[in-house]
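Q: My questions will all concern the structure given below.
The values are calculated or read from the model by the stated rules, or taken from the named source; none is laboratory data. This is a predicted model, so every value here is computed, not measured. Reconstructed Cβ throughout: ideal geometry from the backbone, glycine too, with neighbour counts over all protein chains shown.
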Amino acid sequence: MPYSLDYHSLESTYPKSEKLPPPPNFEKTAKATDHSSSPTSVELKAANHAQIKEKRAWELAISPAKSLPMNAFMLYMSGNSLQIFSIGILVMLLMNPFKAVANINRGALD
């Protein structure tokens, strides 16, 4: 076989990954094996958890209002004639708030 590729010669032309500089804004951090139980770290974790829970609660409370512009556009586009499409849209618009209230406990548990 007269043709062959020598892949070992490529190692000298391309730098190894260890030689590459870190990407911008990259910070090396220690692994999470530090088991220090300082009260400040526990308080920070509790505060962070409380902030996440509050953010999640606001997202859950505001999510039905986010669909109002789309619902208004769908009502406008369905027209004022009595057809199966306009009836379906109206039923969907009336049922979605009740479904959101019924599923609020399931959303809060996630």
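Q: Kindly indicate which of Ala32, Ala50, Ala46 is surrounded by 10 or more Cβ atoms within 10 Å (Cβ to Cβ) and modelled with pLDDT under 80.
A: Values: Ala32 fails: surrounded by 10 or more Cβ atoms within 10 Å (Cβ to Cβ); Ala50 fails: modelled with pLDDT under 80.
One residue alone meets the criteria, Ala46.
Q: Let me ask another. Name the residues in segment 63-110 that are within 30 Å of Ile52 (Cβ to Cβ) and aliphatic (A, V, I, L, M), would you?
A: Let us first name the residues in segment 63-110 that are within 30 Å of Ile52 (Cβ to Cβ), namely 63-71, 96-110.
Within segment 63-110, Ala65, Leu68, Met70, Ala100, Val101, Ala102, Ile104, Ala108, Leu109 meet the criteria.
Q: Another question, if that's okay. Of the residues that sit in segment 39-82 and are of a type in the set (Gly, Ala, Ser), farther than 23 Å from Val101 by Cβ and assigned to a helix (DSSP H, G or I), which one is farthest from the chain's Cα centre (by Cα)?
A: Pass one, segment 39-82, residues of a type in the set (Gly, Ala, Ser): 41, 46-47, 50, 57, 61, 63, 65, 67, 72, 78-79, 81.
From the residues that got through so far, the ones that are farther than 23 Å from Val101 by Cβ too are 41, 46-47, 50, 78-79, 81.
Filter once more, keeping what is assigned to a helix (DSSP H, G or I): 41, 46-47, 50, 78.
On the way: Ser41: 26, Ala46: 21, Ala47: 21, Ala50: 18, Ser78: 32 Å.
In this case the residue turns out to be Ser78.
Q: Can you name the condition, by its number, that Val91 falls short on among (1) surrounded by fewer than 10 Cβ atoms within 10 Å (Cβ to Cβ); (2) modelled with pLDDT of 85 or more?
A: Val91 satisfies every listed condition except (1).
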